[in-house]
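This report concerns only the one structure given below.
The values are calculated or read from the model by the stated rules, or taken from the named source; none is laboratory data. Being a predicted model, the structure only gives us computed values, none of them experimental. Here Cβ is always computed from backbone atoms with ideal geometry, including for glycine, and neighbour counts include all displayed protein chains. Calculation scope for accessible area: heavy atoms of the full protein, side chains included, ligands and nucleic acids excluded. Shrake-Rupley method; radii C 1.70, N 1.55, O 1.52, S 1.80 Å.
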Amino acid sequence: MIAQLDKHPQSLVVYSPEAYLDREVNSDQRHEYRDGVIIPMTGGTPNHNDITGNLYIVLKLALRHRNYRVFQADQRLWIPERRMYTYPDVMVLPKPIELQAGRKDTVTNPLLIAEVLSKSTRNYDGGEKFAAYRTIPSFQEYLLIDQYEMRVEQFIKLEDCEWRFLEYRKPESTLQLKTVELTLQLTDLYSNIDFSEMDSSTDELAMNQPEDQQNI
(Lines give C-alpha, C1' and ligand atoms only; values in the text may rest on other atoms or scores of the structure.)
Protein backbone atom coordinates (compact mmCIF):
# COMPACT_ATOMS: atom_id res chain seq x y z
CA MET A 1 0.00 0.00 0.00
CA ILE A 2 1.03 3.56 -0.67
CA ALA A 3 0.83 6.61 1.56
CA GLN A 4 -0.73 9.70 0.08
CA LEU A 5 1.65 12.59 0.56
CA ASP A 6 0.70 16.03 1.86
CA LYS A 7 1.42 19.46 0.43
CA HIS A 8 0.18 21.43 3.45
CA PRO A 9 1.76 20.12 6.68
CA GLN A 10 0.94 23.37 8.48
CA SER A 11 -2.75 22.37 8.45
CA LEU A 12 -2.19 19.15 10.37
CA VAL A 13 -3.34 18.19 13.82
CA VAL A 14 -1.64 15.73 16.13
CA TYR A 15 -2.85 12.26 17.16
CA SER A 16 -1.32 10.15 19.89
CA PRO A 17 -0.14 6.65 18.90
CA GLU A 18 -2.93 5.22 21.06
CA ALA A 19 -5.57 7.28 19.26
CA TYR A 20 -4.19 6.21 15.91
CA LEU A 21 -4.28 2.51 16.85
CA ASP A 22 -7.82 2.78 18.21
CA ARG A 23 -8.93 4.17 14.86
CA GLU A 24 -6.78 1.89 12.74
CA VAL A 25 -7.98 -1.45 14.12
CA ASN A 26 -11.58 -0.49 13.32
CA SER A 27 -10.90 1.05 9.92
CA ASP A 28 -11.52 -0.53 6.52
CA GLN A 29 -8.70 1.60 5.09
CA ARG A 30 -5.07 1.51 6.16
CA HIS A 31 -3.23 4.62 7.34
CA GLU A 32 0.38 5.50 7.98
CA TYR A 33 1.23 7.30 11.20
CA ARG A 34 4.11 9.81 11.22
CA ASP A 35 4.81 11.31 14.62
CA GLY A 36 1.21 12.38 15.23
CA VAL A 37 0.05 12.74 11.63
CA ILE A 38 -2.32 10.19 10.05
CA ILE A 39 -1.84 9.62 6.31
CA PRO A 40 -4.44 7.61 4.31
CA MET A 41 -3.02 4.79 2.20
CA THR A 42 -4.38 3.43 -1.07
CA GLY A 43 -3.97 0.38 -3.23
CA GLY A 44 -1.64 0.71 -6.20
CA THR A 45 -1.77 0.01 -9.93
CA PRO A 46 -1.95 -3.53 -11.34
CA ASN A 47 1.81 -3.38 -11.95
CA HIS A 48 2.45 -2.28 -8.37
CA ASN A 49 0.33 -5.11 -6.99
CA ASP A 50 1.75 -7.74 -9.36
CA ILE A 51 5.37 -6.86 -8.57
CA THR A 52 4.63 -6.91 -4.84
CA GLY A 53 2.89 -10.26 -5.21
CA ASN A 54 5.69 -11.72 -7.34
CA LEU A 55 8.32 -10.84 -4.74
CA TYR A 56 6.17 -12.10 -1.88
CA ILE A 57 5.54 -15.45 -3.59
CA VAL A 58 9.22 -15.97 -4.44
CA LEU A 59 10.30 -15.17 -0.89
CA LYS A 60 7.51 -17.15 0.74
CA LEU A 61 8.31 -20.29 -1.23
CA ALA A 62 12.09 -19.99 -0.97
CA LEU A 63 12.10 -19.30 2.76
CA ARG A 64 9.24 -21.56 3.87
CA HIS A 65 11.54 -24.10 5.55
CA ARG A 66 13.97 -21.54 6.92
CA ASN A 67 14.03 -19.38 10.01
CA TYR A 68 12.15 -16.41 8.54
CA ARG A 69 8.65 -14.96 8.25
CA VAL A 70 7.50 -13.07 5.13
CA PHE A 71 4.74 -10.45 5.16
CA GLN A 72 2.99 -8.45 2.46
CA ALA A 73 1.29 -5.03 2.59
CA ASP A 74 -1.14 -5.43 5.51
CA GLN A 75 1.41 -6.10 8.25
CA ARG A 76 1.93 -3.02 10.42
CA LEU A 77 5.46 -2.00 11.44
CA TRP A 78 6.33 0.25 14.42
CA ILE A 79 9.46 2.41 14.24
CA PRO A 80 9.86 3.78 17.78
CA GLU A 81 12.72 6.22 17.17
CA ARG A 82 10.60 8.06 14.57
CA ARG A 83 7.22 7.43 16.23
CA MET A 84 6.01 5.91 13.00
CA TYR A 85 3.59 3.15 11.99
CA THR A 86 3.70 2.01 8.38
CA TYR A 87 2.88 -0.93 6.10
CA PRO A 88 5.86 -1.90 3.88
CA ASP A 89 5.04 -3.64 0.62
CA VAL A 90 7.10 -6.71 1.60
CA MET A 91 9.05 -7.53 4.76
CA VAL A 92 11.21 -10.46 5.83
CA LEU A 93 11.63 -10.95 9.59
CA PRO A 94 13.84 -13.45 11.40
CA LYS A 95 12.19 -15.83 13.83
CA PRO A 96 11.10 -15.24 16.44
CA ILE A 97 9.32 -12.11 15.28
CA GLU A 98 9.29 -9.27 17.76
CA LEU A 99 6.02 -7.45 18.51
CA GLN A 100 5.48 -3.99 19.87
CA ALA A 101 4.94 -4.15 23.63
CA GLY A 102 1.27 -4.68 24.39
CA ARG A 103 0.37 -5.46 20.75
CA LYS A 104 -0.21 -8.69 18.84
CA ASP A 105 -0.59 -7.05 15.42
CA THR A 106 2.49 -4.84 15.05
CA VAL A 107 6.03 -6.05 14.34
CA THR A 108 9.30 -4.28 15.12
CA ASN A 109 12.23 -6.36 13.77
CA PRO A 110 12.33 -6.46 9.95
CA LEU A 111 15.52 -7.75 8.38
CA LEU A 112 14.68 -6.95 4.75
CA ILE A 113 12.14 -4.44 3.43
CA ALA A 114 11.01 -3.89 -0.17
CA GLU A 115 8.96 -1.00 -1.53
CA VAL A 116 7.48 -0.77 -5.04
CA LEU A 117 7.85 2.81 -6.20
CA SER A 118 5.15 5.14 -7.47
CA LYS A 119 5.94 8.54 -8.94
CA SER A 120 4.39 10.38 -6.01
CA THR A 121 6.27 8.40 -3.34
CA ARG A 122 9.63 7.45 -4.89
CA ASN A 123 11.44 10.37 -3.22
CA TYR A 124 9.81 9.62 0.12
CA ASP A 125 10.57 5.88 -0.08
CA GLY A 126 14.20 6.53 -0.97
CA GLY A 127 14.64 9.45 1.41
CA GLU A 128 12.66 10.11 4.59
CA LYS A 129 11.20 6.61 4.81
CA PHE A 130 14.55 4.92 4.22
CA ALA A 131 16.04 7.15 6.92
CA ALA A 132 13.30 5.98 9.31
CA TYR A 133 13.91 2.33 8.43
CA ARG A 134 17.63 2.76 9.13
CA THR A 135 16.86 3.52 12.79
CA ILE A 136 15.63 -0.09 13.21
CA PRO A 137 18.49 -2.16 14.68
CA SER A 138 17.50 -5.37 12.85
CA PHE A 139 17.14 -3.73 9.41
CA GLN A 140 19.89 -4.86 7.01
CA GLU A 141 18.65 -4.73 3.41
CA TYR A 142 16.35 -2.50 1.33
CA LEU A 143 14.91 -2.93 -2.16
CA LEU A 144 13.36 -0.11 -4.17
CA ILE A 145 11.53 -1.60 -7.15
CA ASP A 146 10.40 0.50 -10.12
CA GLN A 147 7.01 -0.28 -11.65
CA TYR A 148 7.45 1.83 -14.82
CA GLU A 149 10.60 0.10 -16.09
CA MET A 150 12.75 -2.86 -15.13
CA ARG A 151 14.94 -1.34 -12.42
CA VAL A 152 15.76 -2.35 -8.86
CA GLU A 153 17.90 -0.47 -6.36
CA GLN A 154 19.41 -2.56 -3.57
CA PHE A 155 20.93 -1.22 -0.36
CA ILE A 156 22.90 -3.57 1.90
CA LYS A 157 24.08 -2.56 5.36
CA LEU A 158 27.80 -3.09 5.86
CA GLU A 159 28.40 -1.37 9.17
CA ASP A 160 26.74 1.39 11.17
CA CYS A 161 26.21 4.38 8.87
CA GLU A 162 27.62 2.49 5.87
CA TRP A 163 25.47 0.99 3.12
CA ARG A 164 26.38 -0.59 -0.21
CA PHE A 165 24.30 0.43 -3.26
CA LEU A 166 23.64 -1.79 -6.30
CA GLU A 167 21.38 -1.18 -9.30
CA TYR A 168 19.85 -3.73 -11.68
CA ARG A 169 18.31 -2.87 -15.07
CA LYS A 170 18.86 -5.77 -17.48
CA PRO A 171 16.39 -8.68 -17.86
CA GLU A 172 19.22 -11.17 -17.40
CA SER A 173 20.27 -9.55 -14.12
CA THR A 174 20.47 -11.71 -11.01
CA LEU A 175 19.76 -10.07 -7.67
CA GLN A 176 21.54 -11.59 -4.68
CA LEU A 177 19.69 -10.99 -1.43
CA LYS A 178 22.50 -10.95 1.10
CA THR A 179 20.53 -11.14 4.32
CA VAL A 180 18.60 -14.30 3.44
CA GLU A 181 21.19 -15.80 1.03
CA LEU A 182 18.76 -16.03 -1.87
CA THR A 183 19.19 -15.41 -5.61
CA LEU A 184 16.36 -13.66 -7.43
CA GLN A 185 16.00 -13.25 -11.21
CA LEU A 186 14.67 -9.88 -12.37
CA THR A 187 12.49 -11.70 -14.89
CA ASP A 188 10.75 -13.49 -12.01
CA LEU A 189 10.21 -10.24 -10.16
CA TYR A 190 8.70 -8.62 -13.26
CA SER A 191 6.77 -11.67 -14.42
CA ASN A 192 3.50 -10.74 -16.15
CA ILE A 193 4.30 -7.01 -16.07
CA ASP A 194 3.31 -4.94 -19.11
CA PHE A 195 5.09 -1.59 -19.02
CA SER A 196 3.07 -0.35 -22.01
CA GLU A 197 0.04 -0.14 -19.70
CA MET A 198 1.76 2.50 -17.59
CA ASP A 199 1.80 6.22 -18.29
CA SER A 200 4.94 7.38 -16.50
CA SER A 201 3.84 11.03 -16.79
CA THR A 202 1.02 10.41 -14.33
CA ASP A 203 0.75 8.64 -11.02
CA GLU A 204 -1.89 6.37 -9.58
CA LEU A 205 -2.24 8.68 -6.60
CA ALA A 206 -3.36 12.20 -6.01
CA MET A 207 -1.28 14.22 -3.55
CA ASN A 208 -3.99 14.25 -0.91
CA GLN A 209 -3.76 15.80 2.52
CA PRO A 210 -3.60 13.84 5.76
CA GLU A 211 -6.73 13.63 7.84
CA ASP A 212 -7.52 16.94 9.53
CA GLN A 213 -9.53 16.56 12.69
CA GLN A 214 -9.27 17.75 16.28
CA ASN A 215 -6.23 16.91 18.40
CA ILE A 216 -6.56 13.56 20.13
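Rundown of residues vs (1) part of a strand (DSSP E or B); (2) surrounded by 13 or more Cβ atoms within 10 Å (Cβ to Cβ); (3) at pLDDT 95 or above, yes/no style:
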{"residue": "102", "(1), (2), (3)": "no, no, yes"}
{"residue": "137", "(1), (2), (3)": "no, no, yes"}
{"residue": "142", "(1), (2), (3)": "yes, yes, yes"}
{"residue": "150", "(1), (2), (3)": "no, yes, yes"}
{"residue": "183", "(1), (2), (3)": "yes, no, yes"}
For this session: Give me a count of the residues in the range 109-147 that are out of contact with any helix residue (DSSP H, G or I) (no Cβ under 9 Å at 6 or more places or on another chain) and small (Gly, Ala, Ser).
Result: 4
Seminar exercise, completed: Listed by first then second residue, the pairs whose first member lies in the range 89-111 and is more than 17 Å from residue 24 (Cα to Cα), whose partner is open to solvent by 80 Å² or more (accessible area, probe 1.4 Å), with beta carbons under 6 Å and at least 6 positions apart or on separate chains, are 93/69; 95/67; 97/69; 108/98; 109/98
For this session: Under 7 Å between Cβ atoms, at least 6 apart or on separate chains: pull out the pairs that start in the range 156-179 with a residue that is touching a residue at least 40 places away in the same chain (Cβ under 8 Å) and closer than 18 Å to residue 137 by Cα and end on any residue that is among the acidic types (Asp, Glu) and open to solvent by less than 40 Å² (accessible area, probe 1.4 Å).
Result: 179/141
Seminar exercise, completed: Of the listed residues (52, 42), the one being touching a residue at least 40 places away in the same chain (Cβ under 8 Å), surrounded by fewer than 17 Cβ atoms within 10 Å (Cβ to Cβ), hydroxyl-bearing (Ser, Thr, Tyr) and out of contact with any helix residue (DSSP H, G or I) (no Cβ under 7 Å at 6 or more places or on another chain) is 42
For this session: State whether the residues of the range 159-177 include one that is at positive phi and either part of a helix (DSSP H, G or I) or open to solvent by 10 Å² or more (accessible area, probe 1.4 Å) (or both).
Result: yes
Exercise. Quick one: in the range 1-22, which of the residues that are in a helix (DSSP H, G or I) and at pLDDT below 95 is most open to solvent (accessible area, probe 1.4 Å)?
Worked result: 10
